[in-house]
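Where a number appears in this text, it was derived from the coordinates with a stated rule and is not lab data. Computed from a predicted structure; not experimentally measured. When we count neighbours, we look across all protein chains shown, and the Cβ atoms used for this are built from the backbone with ideal geometry, even at glycine.
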Amino acid sequence: MRIRQLQTDPGISQRLREMGLGENQMLRLVSKSASLICQVCNARLALSEQIAALIVVEPIGVR
């Protein structure tokens, strides 16, 4: 997946970008349970469902 847009407030968007979750960044969903675990920039990050719902992504390629 590729991040297309962050629809969070500016403070949260800035923090997500600092963690590597900026626009056009590629990421992979690793696990979906109480929180979503994504792999981005060779690191795994856990996001709440509320924050994840505000990140617009697009699929890339077909596996």
Worksheet, complete the sentence: Residue count, the range 1-30, condition over 12 Å from I55 (Cα atoms) and surrounded by 12 or more Cβ atoms within 10 Å (Cβ to Cβ), comes to 7
Discussion item. Please determine whether any residue of the range 3-16 is of a type in the set (A, V, I, L, M), closer than 15 Å to I60 by Cα and within 9 Å of the chain's Cα centre (by Cα).
Written reply: yes
Worksheet entry | Top-ranked residue in the range 26-63 [being in a strand (DSSP E or B) and in contact (Cβ under 8 Å) with a residue 40 or more places away in the chain; ranked as farthest from the chain's Cα centre (by Cα)] | E58
